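Notes for the one structure printed next.
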């Protein structure tokens with residue numbers, strides 16, 4: 001294993017193979033120590049935080065892959081957020097609490113519709129805590145704009161007709177941003193799922209209901225994992 005779990009201010013470069021091995025052997029320690037190290041390094045011009053918080057590595061942690069269910073990797077990005085970096089305040093209750101813009105590419109052939117889930121795997125009882133659900137997104141869409149509607153009966157943008165939002169952890173059908181305890185950085189997983197079928201799901205599903213509904217229909221997945229910390 002190339003990852004040190006003792007609290008020594010070190011910088012290491014790990015291969016994906018070694019990191020995946022570390023995740024498998026000690027997921028809880030990796031998550032805890034990763035957050036500690038990212039808090040220490042995230043304001044410094046180093047690639048280390050990007051390595052630890054990369055979507056691929058956290059997909060291995062949160063969505064373990066097996067040889068029988070490897071799926072296509074979607075490229076997920078944002079014009080205002082990056083994995084391993086602090087997200088803007090505008091997307092939190094400390095700012096305007098707007099849903100952030102997302103973009104995606106490299107969808108698998110056969111994609112019929114998309115779903116987006118934002119969750120904090122370091123919060124909730126049990127975790128994760130859901131911040132946002134959007135599903136029924138047309139396969140022709142290339143992303144989500146800033147500030148999706150939160151008022152009832154407000155129409156979606158033209159390129160997202162048919163999309164709907166599910167319930168967040170506060171039981172509200174819209175995005176609500178991060179508000180972790182002061183001094184405790186949390187990771188926010190924005191995961192895009194490509195589905196092989198138009199499911200016609202009803203509005204207001206919970207995360208658990210959505211994941212159950214799309215089970216067996218996911219043919220692609222990708223993540224972007226920014227950080228937020230309050231001081």
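Remarks
- Applying 0.36 nm per residue to the separation of residue 96 and residue 80 and subtracting their alpha-carbon distance, the gain on full extension is 4.3 nm.
- Cβ-Cβ FRET estimate between residue 70 and residue 172, R0 fixed at 30 Å, reported to 0.05: 0.30
- In this simple spin-label model, placing a label point 7 Å from the Cα along the Cα-to-Cβ direction at both residue 142 and residue 215 gives a separation of 3.6 nm.
- Whole-percent pair-distance distribution, where bins are 5 Å wide, for the alpha carbons of region 70-228: 2, 9, 19, 24, 22, 15, 6, 2, 0
- Modelled spin-label separation between residue 112 and residue 184, with each label point placed 7 Å from Cα along the Cα-to-Cβ direction: 4.1 nm.
- For region 70-228: relative contact order, % (alpha-carbon pairs under 8 angstrom, 6 or more apart): 32 percent
A short reminder: the numbers here are calculations on the coordinates, not readings from a lab. Predicted, not measured: the structure shown is a model, and the values here were computed from it. We place every Cβ from the backbone using ideal geometry, glycine too, and count neighbours over all the protein chains shown.
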